[in-house]
1. Of everything in region B:169-218, what is surrounded by 24 or more Cβ atoms within 10 Å (Cβ to Cβ) and β-branched (Val, Ile, Thr)? Give them in sequence order.
2. I want to confirm something. Restricting to region B:289-303 and keeping residues that are of a type in the set (Asp, Glu) and under 13 Å from the mean Cα position of the chain (by Cα), which single residue is surrounded by the most Cβ atoms within 10 Å (Cβ to Cβ)?
3. Does residue A:307 satisfy being within 14 Å of chain B (Cβ to nearest Cβ) and in a helix (DSSP H, G or I)?
4. Tell me yes or no: at least one residue of region A:156-164 is farther than 16 Å from residue B:164 by Cα, in contact (Cβ under 8 Å) with a residue 40 or more places away in the chain and more than 13 Å from every other protein chain (Cβ to nearest Cβ).
5. Among the residues of region B:141-155 satisfying the criterion of being within 16 Å of the chain's Cα centre (by Cα) and among the hydrophobic types (A, V, I, L, M, F, W, C), which is nearest to the other protein chains (Cβ to nearest Cβ)?
6. Can you name the number of the only condition in (1) assigned to a strand (DSSP E or B); (2) within 11 Å of chain A (Cβ to nearest Cβ); (3) in contact (Cβ under 8 Å) with a residue 40 or more places away in the chain; (4) under 16 Å from the mean Cα position of the chain (by Cα) that residue B:88 fails?
7. I need the helices (runs of 4 or more DSSP H) fully contained in region A:197-304, keeping only those with at least 2 residues that are of a type in the set (A, V, I, L, M, F, W, C).
8. Looking only at region A:8-24, how many residues end up being touching a residue at least 40 places away in the same chain (Cβ under 8 Å), closer than 19 Å to residue A:134 by Cα and either touching a Phe, Trp or Tyr at 6+ places or on another chain (Cβ under 8 Å) or among the aliphatic types (A, V, I, L, M) (or both)?
Protein chains: 2
Amino acid sequence: MAAIILASLDIGGSKMAASIANDNGPLARVVQATVKTGAADAIGQQALRLIAIACAEAGVPPASISRVGVSSCGPFAFEQQALGLVAPNLCGGIIRGDTYNDDLPNDWTFIPLEAVLRSQFAEVVIDNDCVAALTAERCFGAAQQEPDSVYVTWSTGIGFGLCVDGHILRGKHGNAGHAGHMVLDETSDAVCGCGNRGDLEALVSGRNLQKRYGRSAADIFAAAVTGDTISMGIVQEAARWLGRGLYNLASALDTRCFLIGGSVWRHHAGLLMPLLESEMQSQFPALTEGVRIMGAELDELVTDIGAFALVMPAEWMPDWRIRKPWNGLRTTSLNEAG
Amino acid sequence: MAAIILASLDIGGSKMAASIANDNGPLARVVQATVKTGAADAIGQQALRLIAIACAEAGVPPASISRVGVSSCGPFAFEQQALGLVAPNLCGGIIRGDTYNDDLPNDWTFIPLEAVLRSQFAEVVIDNDCVAALTAERCFGAAQQEPDSVYVTWSTGIGFGLCVDGHILRGKHGNAGHAGHMVLDETSDAVCGCGNRGDLEALVSGRNLQKRYGRSAADIFAAAVTGDTISMGIVQEAARWLGRGLYNLASALDTRCFLIGGSVWRHHAGLLMPLLESEMQSQFPALTEGVRIMGAELDELVTDIGAFALVMPAEWMPDWRIRKPWNGLRTTSLNEAG
């Protein structure tokens, strides 16, 4: 019997990663900026290319891949029973007749993903990136003992993976967790790539901070910590809104533990944590007492490991849990997108 | 073997009901305004009295009760491992140093419930009233075939029962579904009994409409349908906020179907339905397409039947599903509270 070899894909609004693993752990990982031009299947074609490159780095032929686990931004929709993406941070065609999506040079309204991947691989499992991340934290990270936990990404977009009573929520189309699109302030001038005014993602995501203030989230946070009061005001307001979103989810789901990850959070956790906690504690004590907010444990690789966890044989897990074989994994960054 | 006899309790912010059933169906039901004065165990003592009266009506001795199912308003908290209520619509002590709770002539901050009921009954199962209602709709009503469904009550308070992937959510303390306390408009002058400003319950619940406008929800709705434009404005705004709450839950949970019940809804469904649908459809189509909003099927008895369903032998269910033996059940209304 041939050894089982897995591929994972992590498709985000800013970057795409492909990794290869066997039972011993991840063997190779390549990353590239996510393609945003060309035909709507450009994302799927880029995914196939990155898997091929990762295979070459790992020294395994693409034909030896047994299963592909995919963690992707969403929401998802289905065309001819095959899953694709209706993702506001990739699809330039979602808001029509508007200049909002100038940073997305395409008119995509649906990105076929499952069909493209299945043209080459028989076993493909696609889940929301935050669902995959939460799966990783449940299997290997900070939520192993916590049945009522929520993973949060604060990155290009805002997304959630929701676990209640030990059950990771999917919903009717696998779109549970898209609470980044909950509307919090319809009077705001912040508009989301999905078209909603004043939803959580509009108010705080990396992409939307850039669009609103003409500076990257990284620049805004860097200025805030060096004493720029305007930038600090933006940071405090964003943290307050994210805290509001966490409270609203806690009131709906009776969550015990929020695990936060994503590029915006990762670099500024120390600044953001007390702001989030303060907003949470300002609401109804019966629903907020004992709620903990903490950083995700698996850090930058959480969605990649989550994608592996979606397709991994259960018997691999105890060993990965102990050895954490992703530590020391080398990532190859490819410059050109496309 | 003695026949199995069940008691159910439905504890709401305005009324309490106790019912008795055997395998053949409900035998008797008594209703009384919920006690709001006296010691904090007054609620539990009233529950024991109502069960005794319902037993007398049904012609069975209280000692013959095998199990008690309880559907109650919440949130819940625990003292010495026993469940009690921290319910904003019953506990006058939750907001301290404030005149908000003038309609609650007590200073309760915790209502012991499980301990009082267990003093008399060995088997007691307590669940949130909307969780019980959703259980009833999943077992016997409109959500039998729908794994991604949410029950909503629009009544004295606002509450939800949440089902995702066929799993009814409980959360760490059984408080999942308290999304009536999600904050939607912190700039509002509407304050909730829980202390939150601008949460969904503050904006639309029957109790809070009464406190804000000095007229009961029934009066406001009656005036609206007979052409009073101010009242119609209040109704439209309330429906818009509830629709916003439903959308926020749909974005978080990928819900297919919302089932609405409760006294405010029940009498005005025709007026409210298009307003809720319009608000839902105004948001991100990828998350709202195919979402259905409909009335709960089991109507006024939904929480009573749900409380029975929490403790009912599974083998009773198919027969109850077919015969709907609660139809024609006589309710005895008791005048005095206490």
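1. Answer for region B:169-218, where residues must be surrounded by 24 or more Cβ atoms within 10 Å (Cβ to Cβ) and β-branched (Val, Ile, Thr): B:183, B:204.
2. Filtering region B:289-303 for residues of a type in the set (Asp, Glu) gives B:289, B:297, B:299-300.
Next cut, under 13 Å from the mean Cα position of the chain (by Cα) only: B:299-300.
Numbers: B:299: 12, B:300: 14.
Of everything passing the filter in region B:289-303, B:300 is surrounded by the most Cβ atoms within 10 Å (Cβ to Cβ).
3. Judged against the criteria, residue A:307 is not a match.
4. Within region A:156-164, one or more residues are farther than 16 Å from residue B:164 by Cα, in contact (Cβ under 8 Å) with a residue 40 or more places away in the chain and more than 13 Å from every other protein chain (Cβ to nearest Cβ).
5. B:150
6. Result: residue B:88 passes all but (1).
7. A:200-204, A:217-225, A:229-253, A:263-266, A:269-281, A:285-288
8. So in region A:8-24, the residues touching a residue at least 40 places away in the same chain (Cβ under 8 Å) come out as A:8-14, A:17, A:19-21, A:23-24.
Of the ones still in play, those that are also closer than 19 Å to residue A:134 by Cα are A:8-13, A:17, A:19.
Still in the running and either touching a Phe, Trp or Tyr at 6+ places or on another chain (Cβ under 8 Å) or among the aliphatic types (A, V, I, L, M) (or both): A:8-9, A:11, A:17, A:19.
So the count comes out to 5.
The values are calculated or read from the model by the stated rules, or taken from the named source; none is laboratory data. Being a predicted model, the structure only gives us computed values, none of them experimental. Don't worry about glycine lacking a Cβ; one is built from the backbone with ideal geometry, like all the others, and counts go over all protein chains shown.
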